[in-house]
């Protein structure tokens, strides 16, 4: 009978101890690849691709110039530099979003990590619309 009591007490203590460790376990961090992140990544890539297409087409024409002073050295030196510029810009947006997710100080404001992607979609859509409206 004492063996049964010892077994019962040890099981009870084990359950209690495991319950305590579950309560003290750290909460899992939200995942990086959420539905919003995937949608914004696709939208950012699409906007950059569209902007790259219209910029490439316009730069192939005579008397066209790039108005963005940051992009000008890249897009005026051929297709390879244009691909490197737009690909690098997309990678920089993704990297900034990931670093903000990983090391951001504003954990309570989840939407702020999407800011580089949202701005990338806006800026490249605006650039594509401008380039498309000024095709010759």
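Structure notes:
- Unmet criterion (only one of (1) assigned to a helix (DSSP H, G or I); (2) modelled with pLDDT of 70 or more; (3) surrounded by fewer than 15 Cβ atoms within 10 Å (Cβ to Cβ)) for residue 51: (3)
- Looking only at the stretch 58-91, residues that are part of a helix (DSSP H, G or I) and in contact (Cβ under 8 Å) with a residue 12 or more places away in the chain come to 10 in all.
- Residues that are in contact (Cβ under 8 Å) with a residue 40 or more places away in the chain and within 12 Å of the chain's Cα centre (by Cα) within the stretch 29-57 comprise 32, 36, 37, 40, 41, 43, 44, 45, listed in sequence order.
- Here residue 101 does not qualify as closer than 26 Å to residue 54 by Cα, modelled with pLDDT under 85 and surrounded by 13 or more Cβ atoms within 10 Å (Cβ to Cβ).
The values are calculated or read from the model by the stated rules, or taken from the named source; none is laboratory data. Because the structure is a prediction, the values reported are computed rather than measured. Quick reminder, even Gly has a Cβ in these numbers, built from the backbone with ideal geometry, and neighbours come from all protein chains shown.
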